[in-house]
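The structure under discussion appears below in the form of structure tokens.
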Amino acid sequence: MRTDMNKKYDIVIAGGGVIGASCAYFLSKQKDLKIALVDLKKPGNASRASAGGLWAIGESVGLGCGVIFFNRMTMQNAAATGDDLPPLRPHVLPDYFFEFALKSNAMYPALWQELKDQHGVDFKYEKTGLKYVMYDQYDKMYADSIVDHIPGLMDQVNWLSAEELAEDEPFINKESIGALEFKCDHQVNPYRLNEAYLEGARQNGVELFLETEVLSIEKQGSRVMGVETDAGFIACDTLINAAGSWAAQLSKMATGIELPVYPVKGQIILSERLPKILKGCVSTTDCYIAQKDNGEVLIGSTTEEKGFDTTNTLPELKELVNGAVKCLPMLNELNIKRCWAGLRPGTPDEFPILGEMEGTQGYLNACGHFRTGILTSAITGKLINDLYRGLPLDMDITPFKYARFLTQKESHHEETRLA
Amino acid sequence: MQSSTPVIIVGAGTAGMSAAVELAQAGIYSIVLDEAPKIGGAVFRGPYREAIELPHLDSKLRKKISNIRQQYHDHQTFIELRLNTRVLGPAGQHSLLIRHKEDVSELSYEQLIIATGCHERSVPFDGWQMPGVMLLGGVQLQLKSGLVRPGQRMAVVGTGPLLPLVACQLHKAGVNVLGVYEAGKLSDFAKEGRALLNRPVLALEGMGMLSYLTANSIPMHYGQGIVSVSGDENINKAHFAKYTDDWYPIDGTGTSLELDCLAVGYGFVSRNQLSQLFQLEHDICPTSGLKPQVNVWQQSSQDNIYIAGDSVGILGGEGAMVEGRLAALSIAQNRKILTPEIVNKHAGTYFTLLHKVKRFRAGFDRIGRRREGLLSLLKPNTIVCRCENVPRSAIDDVIGQGVKDITSLKMRTRVGMGDCQGKTCNSYCQDRLGYELKSTDIGHIKPRFPLDPIPFSALFDGVQ
């Protein structure tokens, strides 16, 4: 059945997660374009499953989401090679990722004000800092090594002694020997951020096709002409692929090339609602912990490659619980209210895929944001807007273009594995 | 498929116990899990503490309570009961995660029967959260299991066959029952006479209850319903009115009663959180909420998971008994313990009875079909989701913003994100959004794992 709508859009955005919604918001600010956003809520949608950390430095140095994964990878390597467990080395991303993350992070205070004042939505931006809590000398060595890697960010680094940590965060394990704090790493409520972008976009005139599935992409030669959905055909000049973990299938339909984007499962635990027990966000080498705006304590997260599976599994939950109770012993007296799993849109080198695809006209990528979609949604929306309009970009996006996979022999990811 | 592993049954109510007994009769072992300390489910669990006499419960109910216990007793070699045990959700493939006290463990199954029953449909109105406003099933549990009187001066309001029954039980328990308010019109009942005669005994029992009410001067008001309640700390007044055909209260027809407790019952919802977590196929059912799809043998879209009783659509005790037995027969046949001939012979009478029960029930479902007027009983500041304190006005706002699905409604307002996982507010939210969008295709609030809170200590391996 084909119900041709007599309307042609300048842009159709496929995907209403935090990236698609941010693109819709930034592109619609001048209210000069006809934009449609198509979204189907699928189990595992990463924006809704996210922790909502804006851990610009933390994520760039492998804390937060990545920490369990890198921890385990080090142990597996040691087991495989038969070597003694090497001291854990931080997984520090290259400078261009720092720039991407820090620039995005710097946008949130103003964005929060803007969405509140102009659109009446509050995504609960909270200044928390991120503390890396250390239990022993190995943790301290790890922290030292992190700091060695970021000489340019000393003004954002704060060392806390055991006493200072105990005073600042009285519920954290008293055996801790101190903490390394990143002063600029804060948090938001992730699904409120998602809904805030969407509502801002809607008020700016973006048409939202919710609960709508993209079935196929219509092309004329190498040009995208529109999107066939279960709600009818939507004609457009440009299609933006913001389909998260489902981006590979969409790019295949639109360009004939399957993007290297695949789901990376993360399980999360949420406590019952509590009075304020954490001032800041916390990462250890076992897990990260953040108390959210409504009092629930969120604990994450595993890194598993299990396809589109979103089930919760006992061994992984226990691992998170053990890490969390070690850090915040009082949790042992409390209850877990919810568990879930989200699907991060992973890429081989952990970096997003932004911009055009050679050989296809009327198509832009805004996908593959892996662990940092919430954090980097703001700059992604802005970059995509500037790119679409041919404006000068805030930063060079060459490292994030799809073309990198064609030239690179060995991905960063592989190098890390071999190291 | 020859197998000696026990069938796992979730729920020791009528459906679950009937299944266990039927399996036992075929020589098949089962493990029956239930969150309560006694078998029988909400309807036939009986008192938590033993009492010598239960004069407020009719003899038939007492007999059924003892029957179900006797049946278990007669077959207990084949039935392992695990009471005070809660099912938290699936654990990987073919296992359940269960909790008994502080122990969280996995229980694997080859075949699973979900017989989780139903929970009450909460219909919010101005004042519904006030102490003293109770749902009908809760009132019954106080009478039957708790052996306490919920109030001194009470009224019963809502729709369905449970209204006169609860009114009689309350009266026998010594409560001053001031009136019964049934939203369905008397003419609706007359129209459904044929349907209700599918179960003549039940229809007669109903007539008996109505004459009991008349004999004891308890007025039965048809075509009337709740408007609001008022009071200070506790309810002290309830306000009723005549309803239009769409159940909007009619101005100028209001009456009020002074009372200290109100029983409210606008129906039940299938307790389908577990079947949803298994990602079984479900249909939207206007009466029972989301309803798992099953074939005539109660087999779900995953062929080793069966669903029986009110959790697969509200039919009451007889339906639950039959469905439990049909599920058991199908498993016995699949395990090649009973031949198709024997199974079909046994099942024949069950199918006939189930058919009659469904036609009987359909009569009440047509009378008690919820109408849009119920959505008008909330003020802007009336709380819809009490876990997260979300008022109606917050829902009005996001509907104004063009929300098209229940998940977005949840994300924007936090309805359904609390401890109860939306069991209380989901009904209103679903009805409201469906009404505004003139569509039932709005998704549903998905339950999350675990279905019940888990203490961190139950998963913590370390020593503190």
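Every number in this text was worked out from the coordinates using simple rules, so none of it is lab data. Just so it is clear, the model here is predicted, and its values are computed rather than measured. As a convention, Cβ positions derive from the backbone with ideal geometry for all residues, glycine included, and neighbour counts pool all protein chains shown.
For this structure, a couple of remarks:
- Options A:F351, A:L215, B:V180, ranked by Cα towards positive dipole end of the protein assembly as shown, top entry (Cβ charges): B:V180
- Listed pairs A:K124/A:K279; B:K185/B:K291; A:K265/A:K401; A:K41/B:K410; A:K7/A:K34; B:K60/B:K144 exceeding 19 Å between Cα atoms: B:K185/B:K291; A:K265/A:K401
- Positive-end extreme of charge dipole, the protein assembly as shown - chosen from B:F189, B:W128, B:S66 (charges on Cβ): B:F189
- Gap separating the Cα centres of region A:11-67 and region A:189-232, nearest whole Å: 13
- Simple label model, 7 Å out from Cα along Cβ direction - B:S439 to A:D309, nm: 3.4
- Taking one quarter of the surface of the convex hull spanned by the alpha-carbon atoms of the protein assembly as shown gives a direction-averaged projected area of 40.9 nm².
- Charges were assigned to the Cβ only: +1 to each Lys and Arg, -1 to each Asp and Glu. The resulting dipole of the protein assembly as shown about its Cα centre is roughly 3420 debye.
- Every Cα-Cα pair of region B:122-266 was included, and the share exceeding 19 Å stands at 51 percent.
- Magnitude of the charge dipole, region B:268-363, Cβ model with Lys/Arg +1 and Asp/Glu -1, debye to 20: 240
- Put the Cα centre of region A:123-179 next to the Cα centre of region B:205-242 and the gap is 64 Å.
- Beta bridges from DSSP with both residues in region B:122-266: antiparallel share about 40 percent, rounded to the nearest 5.
- Average Cα contact separation per residue, chain A, under 8 Å, 6 or more apart, as relative contact order %: 24
- Region B:333-396 and region A:326-371 have their alpha-carbon centroids 39 Å apart.
- Cα-centred dipole magnitude for region B:378-437, charges only on beta-carbon of K, R (+1) and D, E (-1), debye, nearest 20: 80
- Between the residues B:L326, B:L290, B:N236, the greatest Cα displacement towards the positive end of the dipole of region B:232-340, with unit charges on the Cβ of Lys, Arg, Asp and Glu, is found for B:L326.
- Residues A:L406 and A:E228, FRET efficiency given R0 of 30 Å [Cβ-Cβ distance, rounded to 0.05]: 0.55
- Cβ crowding within 10 Å, taken as a proxy for footprinting-reagent exposure, orders A:L278, B:L196 from fewest neighbours to most as A:L278, B:L196.
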